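The values are calculated or read from the model by the stated rules, or taken from the named source; none is laboratory data. Small disclaimer: the values here were computed from a predicted structure and weren't measured. A quick note on method: Cβ atoms are made from the backbone with ideal geometry, for glycine too, and the neighbour counts reach across all protein chains shown. Accessible surface areas use protein heavy atoms only, side chains included; no ligands, DNA or RNA. Shrake-Rupley method; radii C 1.70, N 1.55, O 1.52, S 1.80 Å.
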Amino acid sequence: MDATALLQPVMVVALLTLVITLWVLFTRIPAMVRLRIHPQKVQDTSKFKDLLPPEINRISNNYNNLFEQPTLFYAVAGVIAILGHVDMIHVYCAWAYAVFRIVHSLVQATVDIVRLRFAIFVLSWITLAIMIVRESITIFS
């Protein structure tokens, strides 16, 4: 199977990260201007969160989350593609992962219902775990 089928959902997650990055920029900067927060004042990010409204922080928190679990997804998908082990199960898992990350981002950046977000997080981990375990079995057998 062609590696492109697996790399398409990888690029969807990368595009999601780009969209969230722009969303952070287009909400955080105007909020800082409106609240008259000088950029130098927010060097310490722990204090920065106290200065901005929760709706702005939710988007920033999601941006940070996109550099946690998804980085493992990128690596695992890359290994599968490079080694030529792409099959329909990996592709379906990768697409499911991408969809779960999009939904997770939307929930976290808007309503941030923790139980719902956690359920989506677990589902994304399950799809990623399937990819990890299947590829590990292939590599180590």
- Degrees between helix 54-65 axis and first principal axis of the chain (Cα, 0 to 90, nearest 10): 30 degrees
- With every protein chain in place, what's the accessible area of Leu25 (1.4 Å probe, Å², nearest 10)? 80 Å²
- Query: In deg cm²/dmol and to the nearest 500, what is the mean residue ellipticity at 222 nm of the chain if only DSSP H runs of at least 4 residues count, each as -39500 (n - 2.57), divided by the residue total?
  - Reply: -27500 deg cm²/dmol
- Message: With a cap of 15 neighbouring Cβ atoms within 10 Å, and only residues DSSP puts in a loop, list the chymotrypsin sites (Phe, Trp or Tyr not before Pro) found in the stretch 61-135.
- Response: Phe67
- Could you check how much of the accessible area of the chain is carbon and sulfur, as a whole percent, using a 1.4 Å probe? 71 percent
- Message: Keeping every protein chain present and rolling a 1.4 Å probe, give me the accessible area per residue for the stretch 1-96 in Å².
- Response: 59 Å²
- Query: In the neighborhood of Ser60, defined by Cβ-to-Cβ distances under 11 Å, what is the net charge if each Lys or Arg adds +1 and each Asp or Glu adds -1?
  - Reply: +2
- Task: Taking the Cα centre of the stretch 39-115 as origin, sum charge times position over the Cβ atoms of Lys and Arg (+1) and Asp and Glu (-1), and report the length of that vector in debye to the nearest 20.
- Result: 160 debye
